[in-house]
Amino acid sequence: MTQNEMPRLDQIVNLFAVVIPFIATIAAIVLFWNQIVTAADLVIMVVMYLVTALGITVGFHRLLTHRSFQTFKPIEYFFAIIGSMAVQGPVNTWVADHRKHHAFTDQEGDPHSPHVGHDGGVKGVLSGLFHAHVGWTFTEHGKADQQKYARDLYEDRGMRFISDWFVLWVILGLLIPALAGYVVTGTLAGAAGGFLWGGLVRVFFLHHITWSINSVCHFLGSRRFDVEDESTNVFWLALPSLGEAWHHNHHAFPRSAQHGLKKWEIDISAGVIAVMEKLGLAKKVVRISPERQEEKLAK
């Protein structure tokens, strides 16, 4: 197998990771139509969503990909594990793919640009958006050379262990909400509800919010900085993405720990990093001064 070939196992795993949460969400809607979902189900789903989403936004993205701040090694490993529970691929693969995205943003070589390799017209636009949103996971995911784009993680034995044992973290990410449902209700039905809502449905929603950053936030939205790519800020995605939808800001200043650069730009992930800093769990947090932002504004 060459470096440019996507491993067959990865293709199969990605297929299941995309299809099963989708089917589970449709099943949940059908099975619980006109019925009351328990408060425990919703609480478990929200908690699992926040924990695993922060594993992606704070852990995989701002800490491990861009080194926007520093922390202790056990905390790095913790974020790598809870990020893996989001079922978006092994940590080393995710980081390598994302660094490659920044190296070739919206140009040939970008793993998930909606603008590369697609003809014009409505069909081309829809094809590009589909590729950026989910199609790339079947064709480009995992093809970035880890030793080139994620050497720091590849050479970290602990991080490589976490990456290699990705399936274990995925299973734990499904069993934990099931166990929580059982503990709260004391019933197998409660465990099933936790597994469904806090596990599969949560994965479905987090998948599509994250993938929307790749698709929507390179197609629709606002721009104010002088950058050569097509990244945009999408305000209505900011809350569910925990601040990642200020994506144009991020591409203007990739190492910034704060993506919401204006006071009204809600960025929950940046807030978590700020709390960690106050607790002594984060240091050397990268922030962009108003003067640097002013210099980068499009003229």
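Summary of computed values
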{"read-out": "Output for region 190-227, where each listed residue is assigned to a loop (DSSP other than H, G, I, E, B), of a type outside the set (A, V, I, L, M, F, W, C) and free of Cβ contacts under 8 Å to residues at least 60 places away in the same chain", "value": "G221"}
{"read-out": "Test for S84: is it at pLDDT 95 or above and either of a type in the set (A, V, I, L, M, F, W, C) or touching a Ser or Thr at 6+ places or on another chain (Cβ under 7 Å) (or both)", "value": "no"}
{"read-out": "Odd one out for Q107 among (1) over 15 Å from the mean Cα position of the chain (by Cα); (2) surrounded by 22 or more Cβ atoms within 10 Å (Cβ to Cβ); (3) of a type in the set (S, T, N, Q)", "value": "(2)"}
{"read-out": "Breaking point among (1) modelled with pLDDT of 95 or more; (2) in a helix (DSSP H, G or I), for L42", "value": "(1)"}
{"read-out": "Some residue of region 154-163 being surrounded by 15 or more Cβ atoms within 10 Å (Cβ to Cβ), modelled with pLDDT under 95 and of a type in the set (K, R)", "value": "no"}
{"read-out": "Test: residue in region 114-135 that is within 18 Å of I81 (Cβ to Cβ), surrounded by fewer than 21 Cβ atoms within 10 Å (Cβ to Cβ) and of a type in the set (F, W, Y)", "value": "no"}
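Yes/no matrix, rows are residues, columns are (1) under 13 Å from the mean Cα position of the chain (by Cα); (2) buried (at least 19 other Cβ atoms within 10 Å of the Cβ):
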position: A39; (1), (2): no, no
position: V43; (1), (2): no, no
position: L50; (1), (2): yes, no
position: I56; (1), (2): yes, yes
position: Y77; (1), (2): no, no
position: A86; (1), (2): yes, yes
position: V91; (1), (2): yes, yes
position: K100; (1), (2): no, yes
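The values are calculated or read from the model by the stated rules, or taken from the named source; none is laboratory data. Keep in mind the model is a prediction, meaning the values are calculated, not measured. So basically every Cβ, Gly included, is an ideal-geometry build from the backbone, and we count neighbours across all protein chains shown.
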